[in-house]
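A short write-up of the structure that comes next.
The values are calculated or read from the model by the stated rules, or taken from the named source; none is laboratory data. Quick caveat: nothing in here was measured; it's all calculated off a predicted structure. A quick note on method: Cβ atoms are made from the backbone with ideal geometry, for glycine too, and the neighbour counts reach across all protein chains shown. Quick note on the areas: whole protein, heavy atoms, side chains included, nothing else; ligands and nucleic acids left out. Shrake-Rupley method; radii C 1.70, N 1.55, O 1.52, S 1.80 Å.
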Amino acid sequence: MSKYVFCPNFFSHLSHTKSFRLRELANIASAPLKPQQRLKILRCFFVPRFYHQLVLSRCHLQTLKSLDRQVRAAVRKWLRLPKDVPIGYFHARCLDGGLGIPSFRTAIPALVHSRLSDMAESSCAAVRGVFCHRSVQASIRWAETALSFHGRPLIDQEARGKYWASLLHQANDGKELSECARVRASHSWVDRNSAALSGRDYVQFHHVRVNTLPTRVRTSRGRRVVGGPPIERRVGCGTTETAAHVIQGCHRTHGGRILRHDAICRIAVSSLRQLGWSVRQEPHFHTRKGLRKPDIVAVKEQVVKVIDAQVISASSSLDDSHRRKVAKYDTPDIRHQVASEYGVENDNISFSSITISWRGIWSAASAASLCELGLSKCLDSITFRALRGSYMNWLRWNKMTTMIESAVRREGIG
């Protein structure tokens, strides 16, 4: 018998060709669908429908790797992603910050191992006898070997999920996605709530999320040698040109950051008013440390909530940023002024923040405090607005910089 469980009636040519192609991918690409709809079909129908056949066919690991490469190439085209996007971004679960596309390379050996191992616990004596056959045992050993990555067994599904998540989070572009799983709104738009987005927004949000916006640092990877392409910011102060600097720190996008911040506050204010809260925006509190202007003071039934919004770079823990923001406003001076102005007890005053990164990742502590106020439904809207604002900041900066470069070039020529 063959070393692998073999069904000659399906794809027997897999063992005779190294260039097997998934032609159905072309059908998905040619259909008049949004990118998120194509991904949904790929995740939920296209990939799973091949599992049974591939498990029963004589399928080598190189063939499975080839199938994965074809799937990734198609997804890159749909989402217009560059070739150096981490592989973990494609195969990590959506809640871990990835696209949630199953990998043939790990899924098929896992299914082979699961199906054959279940034979040992069958109620049928004949089936238990087949389990002891040398070909079945050889297939189980092959699956176990195929699922051992650097001495790390990936037999169960949870271990495979953690493996792909670790590949993503260890990559430079995926480090900030490590906190995705803590808040549903950080990842729900990738799959569950994708229908609310246009195809263009969906593609742009992924570019922001996985940091593929073309900047000098991003496009010069692998070519940074003496005399190579410059990485300093164009027509500016010489700061390194990264997406984080362009979106979060450049003086040219300061107005865009204000617009993004104000739009997020409007979403929160509207939701609070619908829930019956009386809202006051940007009140002035004079303290020993200077003027303090929290974005929102909400009052309802002798309870006061002071909230300030921030869109940050997740270079440190998002929860730490939330706590620092709360500590900025939770002072005796502000508590005394709020208690006097609204006539409430000191214990009925609490402080919180809207803390989200420019890549759409929520602070778990911030999201939990907002959910306690009944704002769970508006977290997705705030995520959309943060991602859209980040992309618009980069787009405005790119257009502005291009115009300045053209003007400088014309003056130099003239």
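Some values worked out for this structure:
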quantity: Helices (runs of 4 or more DSSP H) completely within the stretch 91-174 that count 3 or more residues being over 23 Å from the mean Cα position of the chain (by Cα); calculated: 104-118, 125-131, 134-146
quantity: Enumeration of residues in the stretch 306-349 that are open to solvent by 60 Å² or more (accessible area, probe 1.4 Å) and among the hydrophobic types (A, V, I, L, M, F, W, C); calculated: Ala327
quantity: Residue match in the stretch 87-98 (condition: hydroxyl-bearing (Ser, Thr, Tyr), open to solvent by less than 30 Å² (accessible area, probe 1.4 Å) and farther than 16 Å from Leu177 by Cβ); calculated: no
quantity: Flag if Thr240 is under 30 Å from Ser194 (Cβ atoms) and either of a type outside the set (Gly, Ala, Ser) or at pLDDT below 95 (or both); calculated: no
quantity: Lone qualifier among Ser366, Ser352 - being modelled with pLDDT of 95 or more, farther than 27 Å from Ala196 by Cα and open to solvent by less than 10 Å² (accessible area, probe 1.4 Å); calculated: Ser352
quantity: Top-ranked residue of the stretch 185-211 - restricted to ones that are polar (S, T, N, Q) and open to solvent by 10 Å² or more (accessible area, probe 1.4 Å), ranked as nearest to Gln36 (Cα to Cα); calculated: Ser194
quantity: Whichever residue in the stretch 277-304 is open to solvent by 50 Å² or more (accessible area, probe 1.4 Å) and assigned to a loop (DSSP other than H, G, I, E, B) and, among such residues, is farthest from Leu370 (Cα to Cα); calculated: Arg288
quantity: Candidates Thr402, Thr383 - the one that is assigned to a helix (DSSP H, G or I) and open to solvent by less than 10 Å² (accessible area, probe 1.4 Å); calculated: Thr383
